[in-house]
Amino acid sequence: MSLLSPMAGLFAAAALAVALVACSSGSTKASAPSGTTSVTPSAARTSADPDAGLLTGAQLKMALAPASFFPPGFVSDASGARYTGPYYQLPSAASVPKPDCAMLNGTSWTVITGITGVSFAQDDYTDKDTSGEIAQEIDVYRGQTAQTVIGKLGRISAVCPSFTDAQSSSKVSVGEKAESGLGDGAYILTLTDPAWQDGTTLVAARVGTAVVTVLSSYGTDNGGAMALKLTGQIVAALKGKA
């Protein structure tokens, strides 16, 4: 567990994620928010529809690990629980010649790619006694975009070998490796800092048109075991559906 919690980075990344994606709040609404298209669950969507067959935020929310999955002491942070409901949002892709590497130090870290999908669901669990964090997110993309996103995340350590921790002003080192047997391709990133007691592990895995991302600072192994366990849980829930 980090002695100096990366919560500041978490909130900064989460705020940016909200700015980049038009999402609904915890409860769905009767009409679609601006920038989204309404989805009638029973309505047939034609093959000409670019969102045909893609999972909605409401469906993704059901694929997230439940509260019972997390260790004792971890409770859901309401401010970090968001999803796009039964709607699709307009996707976007921005050029990011120089990514903000500090985004890796918080939830919603997929925004570092500059690409947003058509639906998402996320939740964040924290332990107030240890400052531990475990976060989960699923983003769904049109066409082959999920492959582009996972490809960018698989190369992120090459452009972000390190960054400065906002709280301690110390250097955070970023390690990365590919992980086989987890969805349609996965990568593990490990963040370590001499100012932290333990590091943080991030995992990204693609399942069809979806990209699963998790963050864990739980445990003395830099959060690695929990990050892989959580990713495996979500990947299994999405298998054959995304």
Over 30 Å between C-alpha atoms is what I'm after, so list which of Lys171/Lys241; Lys171/Lys239; Lys98/Lys177 land there.
Lys171/Lys241; Lys171/Lys239
Neighbourhood net charge (14 Å Cβ-Cβ; Lys/Arg +1, Asp/Glu -1) for Ala158
+3
Apply the a/c threshold of 1.5 to the C-alpha gyration tensor of region 38-141 and tell me whether it is rounded, prolate or oblate.
oblate
Starting from the 7 Å offset along Cα-to-Cβ, what nm value, one decimal, do you get for the label separation of Ala195 and Ala48?
5.7
Row for region 109-242, column shape: gyration tensor on C-alpha, a ≥ b ≥ c, rounded if a/c < 1.5 i.e. under 1.5, prolate if a/b over b/c, else oblate; value prolate
Residues of region 63-107 with amide N under 16 Å of a point placed 7 Å along Cα→Cβ from Asp221
71
Ranked packing of 51-59, 107-115, 174-182, most packed first, by mean Cβ within 10 Å:
107-115, 51-59, 174-182
Using Cα centres only, tell me the gap between region 131-162 and region 167-242 in whole Å.
10
With a cap of 13 neighbouring Cβ atoms within 10 Å, and only residues DSSP puts in a loop, list the trypsin sites (Lys or Arg not before Pro) found in region 78-170.
Lys128, Arg155
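Throughout, read-outs are computed from the coordinates displayed, never taken from laboratory work. A quick note: this is a predicted structure, and the numbers were derived from the prediction, not measured. Because the Cβ atoms are built from the backbone with ideal geometry, glycine has one as well, and the counts that use them run over all protein chains shown.
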